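S.K.: One structure is given below, represented as C-alpha coordinates, and several questions about it will come after.
The values are calculated or read from the model by the stated rules, or taken from the named source; none is laboratory data. Since this is a predicted model, take the numbers as computed values, not measurements. Methodologically, a virtual Cβ is constructed for each residue, glycine included, from the backbone with ideal geometry; neighbour enumeration extends over all protein chains shown. What goes into the accessible areas is simple: the full protein's heavy atoms, side chains included, and nothing from ligands, DNA or RNA. Shrake-Rupley method; radii C 1.70, N 1.55, O 1.52, S 1.80 Å.
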Amino acid sequence: VRYAFVAELADPTGKRVRTLSLWNGKEHVENITYDTKGTPCEETLAGDYCFYPSNVQQSFPEDVWLKEAGIESYMAIRLFDSNGKVMGHMGIMDVKPIEASETNTAFLKIFAARAADEIGKNLIDKELKEVQQELEVRIEERTKELSLKVAELNKTREALQKSEERLLMAQEVGRVGTWDWNPNTGELIWSDEIYRILGLSPDKVTPTYELFLDTVHPGDRELINSAVTAALHEKQQYRLDFRIVKADRTEGIA
(Lines give C-alpha, C1' and ligand atoms only; values in the text may rest on other atoms or scores of the structure.)
Protein backbone atom coordinates (compact mmCIF):
# COMPACT_ATOMS: atom_id res chain seq x y z
CA VAL A 1 0.00 0.00 0.00
CA ARG A 2 1.03 3.61 -0.43
CA TYR A 3 0.57 4.72 3.19
CA ALA A 4 0.72 2.97 6.54
CA PHE A 5 0.65 4.51 9.99
CA VAL A 6 0.58 3.85 13.71
CA ALA A 7 -0.84 6.64 15.88
CA GLU A 8 -1.48 7.26 19.56
CA LEU A 9 -4.01 9.51 21.27
CA ALA A 10 -2.75 13.05 21.76
CA ASP A 11 -5.60 13.69 24.22
CA PRO A 12 -7.89 11.33 26.18
CA THR A 13 -10.95 12.23 24.08
CA GLY A 14 -9.38 11.04 20.83
CA LYS A 15 -10.04 14.37 19.13
CA ARG A 16 -6.33 14.69 18.39
CA VAL A 17 -3.77 12.01 17.59
CA ARG A 18 -0.11 11.93 16.72
CA THR A 19 1.62 9.42 14.51
CA LEU A 20 4.35 7.25 15.95
CA SER A 21 5.29 5.89 12.56
CA LEU A 22 4.21 7.13 9.13
CA TRP A 23 5.17 5.40 5.85
CA ASN A 24 4.64 7.07 2.47
CA GLY A 25 5.32 4.05 0.28
CA LYS A 26 9.06 4.72 0.05
CA GLU A 27 10.27 5.77 3.46
CA HIS A 28 9.28 6.80 6.95
CA VAL A 29 8.41 10.50 7.07
CA GLU A 30 8.19 13.03 9.87
CA ASN A 31 5.44 12.30 12.36
CA ILE A 32 2.49 14.66 12.65
CA THR A 33 -0.23 15.59 15.13
CA TYR A 34 -3.68 16.27 13.70
CA ASP A 35 -7.39 16.67 14.52
CA THR A 36 -9.53 13.63 13.81
CA LYS A 37 -12.77 15.53 13.24
CA GLY A 38 -14.20 14.83 9.80
CA THR A 39 -11.62 12.10 9.07
CA PRO A 40 -11.93 8.32 8.85
CA CYS A 41 -9.66 8.23 11.91
CA GLU A 42 -12.51 9.74 13.94
CA GLU A 43 -14.80 6.93 12.84
CA THR A 44 -12.15 4.34 13.67
CA LEU A 45 -11.59 5.64 17.18
CA ALA A 46 -15.34 5.90 17.78
CA GLY A 47 -15.89 2.30 16.72
CA ASP A 48 -13.48 -0.56 16.43
CA TYR A 49 -12.73 -1.27 12.80
CA CYS A 50 -13.07 1.07 9.81
CA PHE A 51 -12.77 -0.06 6.18
CA TYR A 52 -13.42 1.88 3.01
CA PRO A 53 -12.23 -0.25 0.06
CA SER A 54 -12.76 2.74 -2.28
CA ASN A 55 -14.19 6.27 -2.58
CA VAL A 56 -13.03 7.26 0.91
CA GLN A 57 -12.65 10.90 -0.20
CA GLN A 58 -16.36 11.14 -1.01
CA SER A 59 -17.23 9.76 2.44
CA PHE A 60 -15.06 12.36 4.22
CA PRO A 61 -15.12 15.57 2.15
CA GLU A 62 -13.78 17.65 5.08
CA ASP A 63 -10.53 15.69 5.09
CA VAL A 64 -8.40 17.83 2.78
CA TRP A 65 -5.36 15.61 3.14
CA LEU A 66 -7.15 12.63 1.61
CA LYS A 67 -7.78 14.66 -1.53
CA GLU A 68 -4.28 16.13 -1.67
CA ALA A 69 -2.67 12.70 -1.31
CA GLY A 70 -5.09 11.11 -3.74
CA ILE A 71 -6.24 8.51 -1.20
CA GLU A 72 -8.83 6.08 -2.57
CA SER A 73 -9.03 3.43 0.16
CA TYR A 74 -8.67 3.30 3.93
CA MET A 75 -8.48 0.47 6.48
CA ALA A 76 -7.78 1.01 10.19
CA ILE A 77 -8.33 -0.58 13.60
CA ARG A 78 -8.09 0.64 17.17
CA LEU A 79 -5.19 -0.26 19.47
CA PHE A 80 -5.82 -1.30 23.07
CA ASP A 81 -3.57 -1.59 26.10
CA SER A 82 -3.53 -4.61 28.45
CA ASN A 83 -6.46 -3.12 30.41
CA GLY A 84 -8.64 -2.70 27.33
CA LYS A 85 -8.14 1.06 27.15
CA VAL A 86 -7.84 2.65 23.69
CA MET A 87 -4.30 3.89 23.02
CA GLY A 88 -4.65 4.89 19.39
CA HIS A 89 -5.13 3.24 16.02
CA MET A 90 -3.25 1.68 13.13
CA GLY A 91 -4.15 1.67 9.47
CA ILE A 92 -3.23 1.56 5.80
CA MET A 93 -4.26 3.80 2.89
CA ASP A 94 -3.76 3.51 -0.84
CA VAL A 95 -4.26 5.55 -3.98
CA LYS A 96 -6.16 2.61 -5.45
CA PRO A 97 -8.93 0.40 -4.04
CA ILE A 98 -8.08 -2.21 -1.43
CA GLU A 99 -9.61 -5.64 -1.85
CA ALA A 100 -12.12 -6.49 0.82
CA SER A 101 -10.90 -9.87 2.04
CA GLU A 102 -10.62 -11.74 5.29
CA THR A 103 -6.88 -12.06 4.71
CA ASN A 104 -6.35 -8.30 4.62
CA THR A 105 -8.42 -7.86 7.76
CA ALA A 106 -6.62 -10.67 9.57
CA PHE A 107 -3.21 -9.26 8.70
CA LEU A 108 -4.17 -5.81 9.96
CA LYS A 109 -5.46 -7.25 13.26
CA ILE A 110 -2.24 -9.25 13.74
CA PHE A 111 -0.03 -6.22 13.13
CA ALA A 112 -2.29 -4.09 15.32
CA ALA A 113 -1.92 -6.51 18.22
CA ARG A 114 1.85 -6.43 17.83
CA ALA A 115 1.93 -2.64 17.57
CA ALA A 116 -0.31 -2.27 20.64
CA ASP A 117 2.04 -4.51 22.59
CA GLU A 118 5.06 -2.40 21.63
CA ILE A 119 3.27 0.87 22.38
CA GLY A 120 2.17 -0.51 25.74
CA LYS A 121 5.73 -1.43 26.61
CA ASN A 122 6.96 2.00 25.57
CA LEU A 123 4.30 3.69 27.69
CA ILE A 124 5.22 1.56 30.69
CA ASP A 125 8.91 2.32 30.17
CA LYS A 126 8.08 6.01 29.91
CA GLU A 127 5.99 5.94 33.10
CA LEU A 128 8.68 3.99 34.93
CA LYS A 129 11.30 6.49 33.79
CA GLU A 130 9.14 9.40 34.96
CA VAL A 131 8.55 7.71 38.31
CA GLN A 132 12.26 7.00 38.63
CA GLN A 133 13.13 10.60 37.80
CA GLU A 134 10.56 11.87 40.29
CA LEU A 135 11.92 9.48 42.92
CA GLU A 136 15.48 10.62 42.24
CA VAL A 137 14.41 14.25 42.61
CA ARG A 138 12.64 13.47 45.88
CA ILE A 139 15.65 11.53 47.17
CA GLU A 140 17.95 14.40 46.21
CA GLU A 141 15.68 16.93 47.92
CA ARG A 142 15.34 14.74 51.00
CA THR A 143 19.10 14.16 51.07
CA LYS A 144 19.67 17.91 51.00
CA GLU A 145 17.14 18.39 53.81
CA LEU A 146 18.79 15.69 55.90
CA SER A 147 22.26 17.08 55.18
CA LEU A 148 21.14 20.52 56.37
CA LYS A 149 19.53 18.92 59.42
CA VAL A 150 22.70 16.95 60.21
CA ALA A 151 24.80 20.09 59.79
CA GLU A 152 22.42 21.97 62.08
CA LEU A 153 22.53 19.20 64.69
CA ASN A 154 26.32 19.02 64.51
CA LYS A 155 26.47 22.78 64.99
CA THR A 156 24.11 22.52 67.97
CA ARG A 157 26.11 19.64 69.40
CA GLU A 158 29.36 21.60 69.08
CA ALA A 159 27.73 24.58 70.77
CA LEU A 160 26.47 22.38 73.61
CA GLN A 161 29.88 20.77 73.95
CA LYS A 162 31.56 24.16 74.18
CA SER A 163 28.92 25.30 76.65
CA GLU A 164 29.51 22.21 78.76
CA GLU A 165 33.26 22.78 78.64
CA ARG A 166 32.78 26.38 79.79
CA LEU A 167 30.46 25.20 82.57
CA LEU A 168 32.98 22.63 83.79
CA MET A 169 35.72 25.22 83.70
CA ALA A 170 33.56 27.69 85.63
CA GLN A 171 32.74 25.02 88.21
CA GLU A 172 36.39 24.18 88.64
CA VAL A 173 37.45 27.82 88.97
CA GLY A 174 34.57 28.71 91.31
CA ARG A 175 34.68 25.43 93.22
CA VAL A 176 31.00 24.92 92.42
CA GLY A 177 29.60 21.44 91.81
CA THR A 178 26.27 20.44 90.32
CA TRP A 179 24.19 17.31 90.55
CA ASP A 180 20.99 15.84 89.11
CA TRP A 181 18.84 13.43 91.06
CA ASN A 182 15.81 11.42 89.93
CA PRO A 183 13.90 10.42 93.09
CA ASN A 184 11.76 7.93 91.14
CA THR A 185 14.69 5.89 89.80
CA GLY A 186 17.27 6.82 92.42
CA GLU A 187 19.68 7.87 89.68
CA LEU A 188 22.11 10.54 90.85
CA ILE A 189 24.61 12.30 88.60
CA TRP A 190 27.46 14.37 90.00
CA SER A 191 29.61 16.83 88.10
CA ASP A 192 33.38 16.36 88.12
CA GLU A 193 33.73 19.19 90.61
CA ILE A 194 31.49 17.39 93.12
CA TYR A 195 33.89 14.45 93.09
CA ARG A 196 36.84 16.80 93.54
CA ILE A 197 35.17 18.66 96.41
CA LEU A 198 34.34 15.40 98.19
CA GLY A 199 37.70 13.85 97.37
CA LEU A 200 36.08 10.85 95.64
CA SER A 201 36.93 9.13 92.37
CA PRO A 202 34.15 8.65 89.76
CA ASP A 203 35.77 5.35 88.81
CA LYS A 204 35.45 3.90 92.31
CA VAL A 205 32.05 5.05 93.57
CA THR A 206 28.52 5.18 92.21
CA PRO A 207 26.67 8.29 93.42
CA THR A 208 23.47 7.60 95.35
CA TYR A 209 21.38 9.65 97.75
CA GLU A 210 22.63 7.48 100.61
CA LEU A 211 26.24 8.14 99.58
CA PHE A 212 25.44 11.84 99.47
CA LEU A 213 24.05 11.70 103.03
CA ASP A 214 27.21 9.87 104.14
CA THR A 215 29.26 12.85 102.97
CA VAL A 216 27.14 15.23 105.08
CA HIS A 217 28.33 15.90 108.63
CA PRO A 218 26.36 13.71 111.05
CA GLY A 219 25.16 16.81 112.85
CA ASP A 220 23.57 18.20 109.65
CA ARG A 221 22.11 15.06 108.06
CA GLU A 222 18.66 15.37 109.66
CA LEU A 223 18.48 19.00 108.53
CA ILE A 224 19.39 18.07 104.94
CA ASN A 225 17.04 15.08 104.79
CA SER A 226 14.11 17.13 106.13
CA ALA A 227 14.79 19.93 103.64
CA VAL A 228 14.96 17.52 100.68
CA THR A 229 11.78 15.71 101.78
CA ALA A 230 9.91 19.00 102.17
CA ALA A 231 11.12 20.20 98.73
CA LEU A 232 9.85 17.00 97.08
CA HIS A 233 6.41 17.27 98.66
CA GLU A 234 5.96 21.01 98.34
CA LYS A 235 7.83 21.28 95.00
CA GLN A 236 9.74 24.31 96.18
CA GLN A 237 13.36 25.35 96.07
CA TYR A 238 15.53 25.32 99.15
CA ARG A 239 18.94 26.64 100.11
CA LEU A 240 21.04 25.41 103.01
CA ASP A 241 24.57 25.71 104.29
CA PHE A 242 25.82 22.45 105.78
CA ARG A 243 29.01 20.74 106.69
CA ILE A 244 30.51 17.94 104.62
CA VAL A 245 33.01 15.21 105.46
CA LYS A 246 35.53 14.58 102.68
CA ALA A 247 37.09 11.25 101.83
CA ASP A 248 40.22 12.18 103.80
CA ARG A 249 37.89 12.79 106.82
CA THR A 250 38.45 16.53 106.74
CA GLU A 251 35.45 18.80 107.04
CA GLY A 252 34.18 21.53 104.71
CA ILE A 253 31.17 23.74 104.10
CA ALA A 254 28.65 23.21 101.27
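Yes/no per residue for (1) under 22 Å from residue 239 (Cα atoms); (2) surrounded by 11 or more Cβ atoms within 10 Å (Cβ to Cβ):
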site: 142; (1), (2): no, no
site: 148; (1), (2): no, no
site: 152; (1), (2): no, no
site: 187; (1), (2): yes, yes
site: 202; (1), (2): no, yes
site: 206; (1), (2): no, no
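For every residue, the table says whether it meets (1) without any contact (Cβ under 8 Å) to a residue 40 or more places away in the chain; (2) outside any helix (DSSP H, G or I); (3) among the aliphatic types (A, V, I, L, M).
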site	(1), (2), (3)
123	no, no, yes
127	yes, no, no
134	yes, no, no
141	yes, no, no
144	yes, no, no
154	yes, no, no
163	yes, no, no
168	yes, no, yes
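S.K.: Do we have residue 66 as in contact with a helix residue (DSSP H, G or I) (Cβ under 9 Å, 6 or more places away or on another chain), under 21 Å from residue 43 (Cα atoms) and assigned to a helix (DSSP H, G or I) here? Reasoning before the result, please.
M.R.: On the way: in contact with a helix residue (DSSP H, G or I) (Cβ under 9 Å, 6 or more places away or on another chain): yes; under 21 Å from residue 43 (Cα atoms): yes; assigned to a helix (DSSP H, G or I): yes.
Yes: the conditions hold for residue 66.
S.K.: Quick check on region 173-185: of everything there that is touching a residue at least 24 places away in the same chain (Cβ under 8 Å) and assigned to a strand (DSSP E or B), which residue is most open to solvent (accessible area, probe 1.4 Å)? First the steps, then the outcome.
M.R.: Kept after step one, since they are touching a residue at least 24 places away in the same chain (Cβ under 8 Å), are these residues of region 173-185: 179, 181, 183.
With assigned to a strand (DSSP E or B) added as a condition, the list becomes 179, 181.
Numbers: 179: 112, 181: 69 Å².
In this case the residue turns out to be 179.
S.K.: Sticking with this structure for a sec: What number goes with the only condition from (1) in contact with a Gly (Cβ under 9 Å, 6 or more places away or on another chain); (2) not aliphatic (A, V, I, L, M); (3) not in a helix (DSSP H, G or I) that residue 201 does not pass?
M.R.: The number of the failed condition is (1).
S.K.: Residues that are hydroxyl-bearing (Ser, Thr, Tyr), out of contact with any strand residue (DSSP E or B) (no Cβ under 8 Å at 6 or more places or on another chain) and free of Cβ contacts under 8 Å to residues at least 12 places away in the same chain: does region 78-89 have at least one? Don't jump to the end; show me each part of the working.
M.R.: Taking region 78-89 first, the residues hydroxyl-bearing (Ser, Thr, Tyr) are 82.
Adding the requirement that they be out of contact with any strand residue (DSSP E or B) (no Cβ under 8 Å at 6 or more places or on another chain) leaves 82.
Subset that is free of Cβ contacts under 8 Å to residues at least 12 places away in the same chain: none.
So far as region 78-89 goes, no, none of its residues is hydroxyl-bearing (Ser, Thr, Tyr), out of contact with any strand residue (DSSP E or B) (no Cβ under 8 Å at 6 or more places or on another chain) and free of Cβ contacts under 8 Å to residues at least 12 places away in the same chain.
S.K.: Also: Which members of region 211-239 meet the condition of being under 20 Å from residue 182 (Cα atoms), touching a residue at least 12 places away in the same chain (Cβ under 8 Å) and not in a helix (DSSP H, G or I)?
M.R.: If the condition is that a residue be under 20 Å from residue 182 (Cα atoms), touching a residue at least 12 places away in the same chain (Cβ under 8 Å) and not in a helix (DSSP H, G or I), then 216 is the only one that fits.
S.K.: Report those strands (runs of 3 or more DSSP E) wholly inside region 1-45 carrying at least 2 residues which are farther than 15 Å from residue 90 by Cβ and either open to solvent by less than 70 Å² (accessible area, probe 1.4 Å) or of a type in the set (Val, Ile, Thr) (or both). Reasoning before the result, please.
M.R.: Numbers: elements: 3-9, 16-23, 33-35.
Per the criteria, 33-35.
S.K.: Which of the residues spanning region 240-254 are at pLDDT below 85 and either part of a helix (DSSP H, G or I) or open to solvent by less than 90 Å² (accessible area, probe 1.4 Å) (or both)? Give the derivation first.
M.R.: Taking region 240-254 first, the residues at pLDDT below 85 are 240, 247-254.
Listed by number, the residues that qualify are 240, 247, 250, 252, 254.
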